[in-house]
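*Asks:* I'd like to ask you about the structure that follows.
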Amino acid sequence: MGTDFEQWVKIALSDQVFPRSAALAILCDPEMDLLHLTAAAGDVRIAYFGRDVMLHRINDIQNGLCPEDCGYCAQSKISEAPIKKYPLKSEEDIIQEAHAAKAKGVYRYCMVSSGRGPTPERTQQLAQIIRRIKTEVGIQTCLSAGIMTTEQTQILKAAGLDRLNHNLNTSAAHTPDIVTTHTFQDRINTLEAARSAGLDLCSGMIVGMGETDQDIVEVAYTLRDYQVPSIPINFLIPIPGNPIYDCNQLTPQRCLRILCLFRFVNPKAEIRIGGGREGHLRGLQALALYPANSLFVEGYLATRGHSVDQVYQLIQDAGFEIAGDQSFRDDLCTPRVRTSAEQYQLDDNPNILNPKTTTICDQLHQQ
Ligand code: SF4
């Protein structure tokens with residue numbers, strides 16, 4: 001008997017708890033048809049979010065210099081990745097970059113600061129920056145700055161912060177394999193602190209770090225338990241110099257299945273295709289917009305990614321739309337009124353004729 005995708009969609013649309021056995025099967029049943037699965041996840045996504053795609057841009061406001069030992073992170077004290085390290089950017093730079101992000105149609109400005117967590121003084125500094133962004137720029141804000149107490153999250157909330165990001169990254173059972181300087185419970189405590197302060201939560205996962213299917217399912221249900229409305233799914237970026245570099249677990253199809261699993265377990269959440277989208281989903285990026293409704297533009301913490309233009313093209317080609325400011329969308333759409341031939345580009349070779357496609361007769365004539 002085939003999978004009852006219609007029943008799955010009904011469960012998700014009534015926001016009932018999705019059966020765990022079905023969630024696991026999405027990852028480990030090779031017989032489950034991927035296109036039907038993706039279409040069913042797309043039905044759920046479209047019911048809750050239409051065809052909108054939310055764009056997020058990360059601003060790495062402090063890079064490196066971190067005392068923690070997260071094995072997947074180029075900023076950790078144990079990574080040998082040759083990243084550019086710098087302390088907190090100036091207030092003016094962060095504000096200007098927020099203006100630039102808004103001008104590019106970015107829906108939410110995500111500030112990410114390395115480190116275990118902010119000191120009381122740093123918390124006040126971040127609060128001042130957020131206050132200015134809210135009044136001077138007027139853009140949705142998200143901050144990721146490590147472990148925090150309730151008091152710190154209250155200060156940031158009072159300053160106008162909309163959302164706090166703190167990823168679970170992996171399951172409780174798998175956490176000691178990827179980091180030893182803090183615990184899964186530390187991460188849960190930060191989410192609870194943010195919730196008690198009235199901040200929106202953003203928390204997700206990094207897959208491809210040696211986790212089991214069961215670990216992925218655990219994270220999806222833990223995020224459901226906390227009713228997290230914003231869930232980034234990152235695909236491990238193989239950065240030479242990081243201890244966790246290549247667990248050889250990810251294929252485009254597996255990445256797509258993982259996104260579908262998160263959509264069914266957390267049907268109302270903004271599911272974001274996070275870091276590693278370009279390299280791991282590859283030709284399936286457009287299909288990934290069926291389970292997911294949110295993307296990062298212009299790269300991640302330590303690595304580059306596709307530009308706003310490339311991402312817009314992907315969204316447009318797949319028949320989706322950028323969420324948010326209409327004037328920005330009009331602006332972006334205008335230069336794209338081009339013929340299909342004008343849009344055809346080969347990056348690496350200006351001569352689109354492949355010599356291998358010429359016949360023997362052609363070659364003889366050329367001689
Ligand atoms: S993930 Fe965060 S806490 Fe962990 S090493 Fe990187 S910057 Fe530090």
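Coordinate-derived values only; no laboratory data. Predicted, not measured: the structure shown is a model, and the values here were computed from it. Quick reminder, even Gly has a Cβ in these numbers, built from the backbone with ideal geometry, and neighbours come from all protein chains shown.
*Asks:* Check whether at least one residue in the stretch 123-138 is of a type outside the set (S, T, N, Q), within 14 Å of the ligand (Cβ to nearest atom), closer than 24 Å to Pro232 by Cα and assigned to a helix (DSSP H, G or I), and report yes or no.
*Replies:* no
*Asks:* When only residues in the stretch 81-106 that are among the charged types (D, E, K, R) and within 16 Å of the ligand (Cβ to nearest atom) count, which is surrounded by the fewest Cβ atoms within 10 Å (Cβ to Cβ)?
*Replies:* Lys84
*Asks:* What number of residues within the stretch 107-117 satisfy the criterion of being within 11 Å of the ligand (Cβ to nearest atom) and within 18 Å of the chain's Cα centre (by Cα)?
*Replies:* Residues in the stretch 107-117 being within 11 Å of the ligand (Cβ to nearest atom) and within 18 Å of the chain's Cα centre (by Cα): 3 in total.
*Asks:* Go through the stretch 208-227 and give me each residue that's of a type in the set (S, T, N, Q) and out of contact with any His (no Cβ under 9 Å at 6 or more places or on another chain).
*Replies:* Those that are of a type in the set (S, T, N, Q) and out of contact with any His (no Cβ under 9 Å at 6 or more places or on another chain): Gln214, Thr222, Gln227.
*Asks:* A follow-up question, please. Regarding the stretch 197-208, can at least one residue be identified that is hydroxyl-bearing (Ser, Thr, Tyr), within 16 Å of the ligand (Cβ to nearest atom) and more than 22 Å from Cys110 (Cβ to Cβ)?
*Replies:* no
*Asks:* Only one of (1) within 28 Å of Arg254 (Cα to Cα); (2) crowded, with 20+ Cβ neighbours inside 10 Å; (3) away from the ligand (no atom under 13 Å from the Cβ) fails for Ala193. Which number is that?
*Replies:* With respect to (1) within 28 Å of Arg254 (Cα to Cα); (2) crowded, with 20+ Cβ neighbours inside 10 Å; (3) away from the ligand (no atom under 13 Å from the Cβ), Ala193 is out only on (1).
*Asks:* Considering only the stretch 66-80, state which residues are closer than 12 Å to Leu236 by Cα and near the ligand (Cβ under 6 Å from one of its atoms).
*Replies:* Cys73 - this is the single residue of the stretch 66-80 that is closer than 12 Å to Leu236 by Cα and near the ligand (Cβ under 6 Å from one of its atoms).
*Asks:* Ok, one more. Which ones in the stretch 28-65 are of a type in the set (A, V, I, L, M) and either crowded, with 18+ Cβ neighbours inside 10 Å or within 17 Å of the chain's Cα centre (by Cα) (or both)?
*Replies:* Selection gives Leu37, Ala40, Ala41, Val44, Val53, Met54, Leu55, Ile58, Ile61.
*Asks:* (1) within 16 Å of the ligand (Cβ to nearest atom); (2) touching a residue at least 60 places away in the same chain (Cβ under 8 Å): which one isn't true of Asp15, the others all being true?
*Replies:* (1)
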